[in-house]
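Enquirer: Sharing a structure below in C-alpha cells format, with a few things to ask.
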Amino acid sequence: NEATLDPALTDVAPKDWTGPQNPSYHYWLYHLWANIRSINAFRASRGQTTWSFRPHCGEAGAMSHLVSGFLLADGINHGINLRHNPPLQYLYYLAQVPIACSPLSNNSLFLDINANPFPLFFRRGLNVSLSTDDPLQFHHTQEPLMEEYSIASKIWKFDPTDLCEIARNSVKMSGFPHSVKQKWLGEFYFLGSTCGNEPGKSHVGHVRVAYRYEIYHDEFHFLERVADRVGTAWLRRAIPTMKEEDAIILRMCGLTRDELRRRKSWLVAQGAEDCLRSSEETGVIVRGKAALPFCFRCDEQLTIHMTEDERSPDYGRMYWRCNSPQCGQKVVFADDPELLALQQ
C-alpha cells in the first residue's frame, strides 16, 4: 500500500536489509528495478523480449516516491502527486517519463475527479495517457477504457484531437513490439516532429505535433541560455533534435527530411495507405504490394526501358530510367533480386 507511512530512510544498503521490518518504498523499487534489469540482460542475450518497469507511483504516499520513480522506472502509473511539486513535474516533462493516469480510480480512492491534475499535465506537455485500474472494481461497463476517455472528454472538454493525442501517447509508451507500433502509428512514429506523424493513422494533426515539438526544444534552448551552455550536449533530450532526426531518416531510408515529406505526399496522392518502406540501392519506394518507383535525385517518376546495345552484357534486360532530361539516371534493372523481393 503506497499510502502506508514509510520507515525513515537509513544508510543501510539494500543488500544488507535483513531485519523483520518492511523496507521503504524506495528499497522495493530498487529491488524490482535491479532484478528486472538482470532478467532483461539475460533474455536479450537469448534474443527474447524484455520487460518494462512501470510501478504504481505517486497516487499517494511521500513525494520522494516520485523521485525514485523518476530515477528508476521506464514509466509510472498514476503520478497525480506531481501536482504538489512543480520542479519535479518539470523534470518529468523534460525527460518525457510516461505517466498512465486513472482518474476514475483516483476519484474513488484519493482525489475528486474535478481536482485531478490530468488535464493540466496534458496541456503542459507531459507524456500522459489514460488507463484503467482495477476495472472490475471502479468501472461499470465491459469497455472500462472507453469509460475513462468518454468521461474525461465530457468533464475536461477534450476535443477529438486531444483524445487522439492521448491515445497516440498510449501506443508510444506501451510495451507493444516496434512493428505493431509502426502499423498503428506509422514507420517513423518514434520521431517527435511531424516527420514521425501520419495523420491518417494517428488522427492527430501536424499543427499539434509541431507545437509540442517546438515548445519542448524551446524549453531546452532556454535552459542552455540560462546555463551558458548553448550548442553543447549539456542535457540529454528525450525527443531527438532536427539534426538527430535527419541522421535517423537518412540511415533508415537514404532520404533527407524534405525528400521524405515529398515522397509521403506523393504516395498519399496515389492512394497508397500501407506503411512506408524504402531502398536506397534500388531507388524504389514500396507501399504494400505495389512498387512505386521514383528517382532519388529529383521528383520525377521512373519509366522502364530495355538495354538495346548488343555488345552490352546486359543486352535485353529491362531497367528503370528517370524521366527528367536533366537527370536521366539509370537506377536499377527490373529483374534485380532486391527489387523483386520488394515487389513481393
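The values are calculated or read from the model by the stated rules, or taken from the named source; none is laboratory data. From a predicted model like this one, the values you see are computed outputs, not experimental measurements. Virtual Cβ from ideal backbone geometry, glycine too; neighbours counted across all protein chains shown. When the accessible area is computed, the model is the full protein with side chains, heavy atoms only, and any ligands, DNA or RNA have been set aside. Shrake-Rupley method; radii C 1.70, N 1.55, O 1.52, S 1.80 Å.
Enquirer: Residue by residue through segment 220-262, note down the ones that are farther than 24 Å from N127 by Cα and acidic (D, E). Walk me through it before giving the result.
Expert: Of the residues in segment 220-262, the ones farther than 24 Å from N127 by Cα are 225-232, 247, 250-262.
Listed by number, the residues that qualify are D228, D258, E259.
Enquirer: Using the structure shown, decide if L145 is touching an Asp or Glu at 6+ places or on another chain (Cβ under 6 Å) and among the hydrophobic types (A, V, I, L, M, F, W, C). It would help to see each step written out before you state the result.
Expert: Values: touching an Asp or Glu at 6+ places or on another chain (Cβ under 6 Å): no; among the hydrophobic types (A, V, I, L, M, F, W, C): yes.
The answer is no for L145.
Enquirer: Here is a further query. Among what's in segment 5-41 and is of a type outside the set (A, V, I, L, M), farther than 26 Å from D133 by Cβ and open to solvent by less than 90 Å² (accessible area, probe 1.4 Å), pick the residue that is farthest from the chain's Cα centre (by Cα).
Expert: G19
Enquirer: With V230, V209 as the choices, which residue is part of a helix (DSSP H, G or I) and touching a helix residue (DSSP H, G or I) at 6+ places or on another chain (Cβ under 6 Å)? I'd like the intermediate steps shown before the answer.
Expert: Values: V230 fails: part of a helix (DSSP H, G or I).
Result of the check over V230, V209: V209.
Enquirer: Would you confirm whether any residue within segment 215-233 is in contact with a His (Cβ under 8 Å, 6 or more places away or on another chain) and at pLDDT 90 or above?
Expert: no
Enquirer: Any idea which residue in segment 234-260 is modelled with the highest pLDDT, counting only those that are of a type in the set (D, E, K, R) and not in a helix (DSSP H, G or I)?
Expert: First, the residues of segment 234-260 that are of a type in the set (D, E, K, R): 236-237, 243-246, 251, 257-259.
Of the ones still in play, those that are also not in a helix (DSSP H, G or I) are 236-237.
Working: R236: 85, R237: 91.
That would be R237.
Enquirer: Right, something else. Quick check, is A60 open to solvent by less than 80 Å² (accessible area, probe 1.4 Å), under 20 Å from S102 (Cβ atoms) and in contact with a Cys (Cβ under 7 Å, 6 or more places away or on another chain)?
Expert: Working: open to solvent by less than 80 Å² (accessible area, probe 1.4 Å): yes; under 20 Å from S102 (Cβ atoms): yes; in contact with a Cys (Cβ under 7 Å, 6 or more places away or on another chain): no.
Criteria not met by A60.
Enquirer: For segment 105-189, please list each of the helices (runs of 4 or more DSSP H) lying entirely inside it that holds at least 2 residues being open to solvent by 30 Å² or more (accessible area, probe 1.4 Å), closer than 24 Å to I248 by Cβ and modelled with pLDDT under 95.
Expert: 178-185
Enquirer: While we're here: Of the numbered conditions (1) open to solvent by 80 Å² or more (accessible area, probe 1.4 Å); (2) aliphatic (A, V, I, L, M); (3) assigned to a helix (DSSP H, G or I), A44 fails exactly one; give the number of that condition.
Expert: A44 satisfies every listed condition except (1).
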